[in-house]
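These notes are about the structure you will find just below.
The values are calculated or read from the model by the stated rules, or taken from the named source; none is laboratory data. Everything quoted here is computed from the prediction, not taken from an experiment. Ideal geometry is used to build each Cβ from the backbone, glycine not excepted, and the neighbour counts take in all protein chains shown.
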Amino acid sequence: MRTTPVLRAAAAACALLLAAACSSGSGEGNDSAGRAHGFHAPDLPMQKKVGKGEGELNIVAWAGYVEDGSNDPDVDWVTPFEKKTGCKVNSKVAGTSDEMVSLMKTGQYDTVSASGDATLRLIASGDAAPVNTGLVPNYRDIFPSLKRQPFNSVDGQMYGIPHGRGANLLMYRTDEVLDEPDSWSAVFEDAGRHAGYVTAYDSPIYIADAALYLMETRPKLGIKDPYALDEKQLEAAVDLLKKQRKSIGEYWSDYQKEVSAFKSGDSVVGTTWQVIANLAAAEKAPVKVVLPKEGATGWSDTWMVGAKAKNPNCAYQWLDWIVSPKVNAQVGEWFGEAPANRKACAETSDPGFCDTFHADDEAYFQRVRFWTTPVKECLDGREDVTCTDYARWTKAWTEIKG
């Protein structure tokens, strides 16, 4: 999962690991750029109106997304929501995207803050319902570039409300990596320069990072989308990652360990997030981050509604609440991510927060390929081959790590 440095109380308690419509319209229309090519969603009904709340709401979320003041009395957007709506919030923190998928399959939860490596799985299995964005007033202020994307929609139909986003960046110690790298080659072809001190993200979705690099460096492979790999393309990515494995000191599995590793020098170059880099720098680690010239993978989380939700009215009220400007700003600062609501930047306590996290820098995010669940129907539009799905990637990741 993803954690945030401000969750000091939660982090002190445990080390949070990473893992990783009957009516088809909602006023969104079709958008070829956001279409999951060849992917067909189950025919499920979409909510038509929001009625009186049912009195409770059961949520599965990443740590830091559903704060009620128990971690920090000054950080609480749950209590105001409960007072406003009468919906008592019961939240479950999930440690991985796989855990989120499993929990949503039980039908016991109404909404989930799913990352792109889980969303299509939830849609395909019929565990997530299409979302009527017309019932979420604050949706109109979500950055347009986050709408109708392959990881949160099918054929133009949204399956959730965008919440926040971030890029997977390259971080390095300036006293050990002296050439100021601007390419992912620093952790692939050139990883041997720092053998034993290279770190990488511990999840099958990291295969996409290798695929992204190969898109630029080995164009003959024909990779057009790092999440749409046929068997030959996947094998090329796996080979690259197996070579990288020889130089890996450790795969990072929680933010505190990565901060400590860069501070001590046990890691000198590898994948990170902006929030981790900020914390490492605050701890006096001599680090810099860069969005490499090849671009980067990244994550954009989506609030989805369970197809079996017992409290759908409370769920829709939560979706509108959590992406409202003030609350979206609170979550963004607490968690460490760029908010999805463009009006949230005017509500942050730190005036420079959105600049640091590139919240409204579309040119920056155009270089980021957000996590999307690999499926057999090639998301790049190819119909003459079968692409590898997440199960195949999971098996490959096990082989890579050995």
Residues in the stretch 37-64 that are at pLDDT 95 or above and either among the aromatic types (Phe, Trp, Tyr) or in contact with a Gly (Cβ under 7 Å, 6 or more places away or on another chain) (or both) total 3
Residue tally, condition more than 19 Å from the chain's Cα centre (by Cα), buried (at least 21 other Cβ atoms within 10 Å of the Cβ) and closer than 19 Å to Ser183 by Cβ, over the stretch 270-290: 1
Do we have Tyr206 as touching a strand residue (DSSP E or B) at 6+ places or on another chain (Cβ under 7 Å) and closer than 24 Å to Asp355 by Cα here? no
Taking the stretch 374-402 only, how many residues are more than 21 Å from Trp252 (Cα to Cα) and not in a helix (DSSP H, G or I)? 16
Val375: over 20 Å from the mean Cα position of the chain (by Cα) and either buried (at least 18 other Cβ atoms within 10 Å of the Cβ) or β-branched (Val, Ile, Thr) (or both), yes or no? no
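Counting just the residues of the stretch 276-325 that are in contact with a His (Cβ under 7 Å, 6 or more places away or on another chain) and aliphatic (A, V, I, L, M), which one comes out farthest from Gln149 (Cα to Cα)?
The extreme case among them is Ile322.
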Conditions (1) under 22 Å from the mean Cα position of the chain (by Cα); (2) under 30 Å from Ile123 (Cα atoms); (3) buried (at least 22 other Cβ atoms within 10 Å of the Cβ) -> Glu258 fails only (2)
Output the qualifying pairs, or none if there are none: Cβ atoms under 6 angstrom, residues six or more apart or on different chains, first residue in the stretch 253-269 and under 12 Å from Glu176 (Cα atoms), second residue buried (at least 23 other Cβ atoms within 10 Å of the Cβ) and at pLDDT below 95. Phe262/Ala280
Kindly list the number of the only condition in (1) in contact with a Cys (Cβ under 9 Å, 6 or more places away or on another chain); (2) outside any helix (DSSP H, G or I) that fails for Gln233. (2)
Using the structure shown, decide if Lys293 is farther than 24 Å from Gly352 by Cα, surrounded by fewer than 22 Cβ atoms within 10 Å (Cβ to Cβ), over 23 Å from the mean Cα position of the chain (by Cα) and not aromatic (Phe, Trp, Tyr). no
Since Ala359 meets every condition but one in (1) out of contact with any strand residue (DSSP E or B) (no Cβ under 8 Å at 6 or more places or on another chain); (2) buried (at least 21 other Cβ atoms within 10 Å of the Cβ), which condition does it not meet? (1)
Can you tell me which condition Asn341 does not meet? The list is (1) of a type in the set (S, T, N, Q); (2) within 19 Å of Arg165 (Cβ to Cβ); (3) surrounded by fewer than 24 Cβ atoms within 10 Å (Cβ to Cβ), and all the others hold. (3)
Can you confirm whether the stretch 189-198 contains a residue that is assigned to a strand (DSSP E or B), in contact with a helix residue (DSSP H, G or I) (Cβ under 6 Å, 6 or more places away or on another chain), on the phi < 0 side of the Ramachandran plot and buried (at least 21 other Cβ atoms within 10 Å of the Cβ)? yes
So in the stretch 357-373, with the set limited to residues that are part of a loop (DSSP other than H, G, I, E, B) and of a type in the set (D, E, K, R), which one is nearest to Gly298 (Cα to Cα)? Arg367
Which residues, counting only those in the stretch 314-332, are over 21 Å from Asp72 (Cβ atoms) and surrounded by 21 or more Cβ atoms within 10 Å (Cβ to Cβ)? Cys314, Ala315, Tyr316, Gln317, Leu319, Val323
Within the stretch 216-224, identify whether any single residue is within 22 Å of Gln366 (Cα to Cα), modelled with pLDDT of 95 or more, under 21 Å from the mean Cα position of the chain (by Cα) and surrounded by 21 or more Cβ atoms within 10 Å (Cβ to Cβ), and answer yes or no. no
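Name every residue in the stretch 159-175 that is touching a Pro at 6+ places or on another chain (Cβ under 7 Å) and within 21 Å of Pro325 (Cβ to Cβ), in order of residue number.
Answer for the stretch 159-175, where residues must be touching a Pro at 6+ places or on another chain (Cβ under 7 Å) and within 21 Å of Pro325 (Cβ to Cβ): just Gly164.
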